[in-house]
Amino acid sequence: MNSIYGNIDDLFLFCAVVEKGSLLSASRSLQLPVSTMSRRLSALEERLGIRLLEKKGRELVATEDGEAAFQSLSSGMESLQAGFLDLLKGKDVIQGKIKLTVPHNFYGSFLSNTIENFLIQYPKVQLDLVLSQQHLVPETDRDLLVTFNVSNLEGMIARPLFKAKHGFFTSQKYLERRGAITTPEQLAQQDWVSVDHVTDIPLYKGDTLERNISIQPKFVVNDIHRVAEAVENGLGVASLPFRHISPNMDLIQLLPEYHRGDRQAYLVYKERKYQPKALTLLINALIESIRSFHNEAPAS
């Protein structure tokens, strides 16, 4: 394929240098002379009019433009490589790099076994797992995100996973210190322990939204188990999923006639006509694992 980009091999060489971390490592992996690779990469930069690589110490690293180009190209290069391997070997080769962002409690509660088994089943897949409650928007077609928040995700695929029912809880220690909490106004004025920085909380009665309250979190920790633990220790009140509440916990439900409403969890990824097979298989494995877990768990 000849164009402004030159041969597609040159783009592959560029991706190899960024992935391997150095020109020398890439040349060894591809069994090409360093001088040949250097000449072809320089010619590619000249044709594009963009500096893709720069010297850092004794190594070549991607420039800002080079990193953006790598993010756009690398998945396509992996797909081409996998396609040719399929033709040569006569069977599917599941490989490539995937980035998955999930909250801490999701991974520990019901995803760890699924992900570990997936990596054992497909040993050529490389997974970058990020345990975070942050709203990290998928940047490439190899990024997956599990989240309750789908705002600012236009153009993404958002697959529904499950719904979490929340109530409002505190401890006897906290009530002894602060007094009874019997109205929404009093609830809003408490010390809140939160898993995120959301300050507007809806109050439902049944399926009807009665009102919203504004809160000021006193303590934010991105793990629902640590939130529940802090509330048990008397630090404040929290919105907690009923699924995480057990009878042996020192927690008291506040305003039981109200609830926060069902929070829908989603698996989010970029829309792409030709999706990497490793990504498709992981998506299916995650959806099956999460839905099985929530179907088997006691209804709340």
Quiz item: Binning every alpha carbon pair distance of the range 173-229 at 5 Å from zero, what are the percents per bin?
Solution: 4, 17, 22, 23, 23, 11, 1
Exercise. Report, ordered by chain and residue number, the lysines lying within cross-link reach of residue 270, taken as a straight Cα distance under 26 Å and ignoring same-chain residues fewer than 8 apart.
Key: 20, 97, 99, 124, 163
Quiz item: In Å², what does the accessible area per residue of the range 162-263 work out to with a 1.4 Å probe?
Solution: 51
Practice problem: From zero up to wherever the largest Cα-Cα distance of the chain sits, split into 10 Å bins and tell me the percent of pairs in each. | Solution: 5, 22, 25, 19, 13, 10, 5, 1
Practice problem: Between residue 248 and residue 198, take the C-beta separation as r, use R0 = 22 Å, and let me know the FRET efficiency to the nearest 0.05. | Solution: 0.20
Quiz item: Which whole number in µm²/s is D for the range 198-263 by Stokes-Einstein, with the Kirkwood Rh taken over Cα pairs at 37 °C and 0.692 mPa s?
Solution: 253
Quiz item: Can you give the percent of C-alpha pairs in the range 135-272 whose distance is more than 17 Å?
Solution: 62
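Past the 14 angstrom mark, what percentage of all C-alpha to C-alpha distances in the range 31-70 do you count?
51
Going by average Cβ density within 10 Å per residue, which order do the peptides 178-191, 17-30 take, highest to lowest? Can you show the working numbers first?
On the way: 178-191: 14.7, 17-30: 16.9.
Packing proxy ranking, top to bottom: 17-30, 178-191.
Which chymotrypsin sites (Phe, Trp or Tyr not before Pro) in the range 194-300 pass both tests, a DSSP loop state and at most 14 other beta-carbon atoms within 10 Å?
Passing sites in the range 194-300 are 274.
The values are calculated or read from the model by the stated rules, or taken from the named source; none is laboratory data. The model shown is predicted, which means the values in this text are computed figures rather than measured ones. Note: ideal-geometry Cβ built from the backbone for every residue, glycine included; neighbour counts use all protein chains shown. When the accessible area is computed, the model is the full protein with side chains, heavy atoms only, and any ligands, DNA or RNA have been set aside. Shrake-Rupley method; radii C 1.70, N 1.55, O 1.52, S 1.80 Å.
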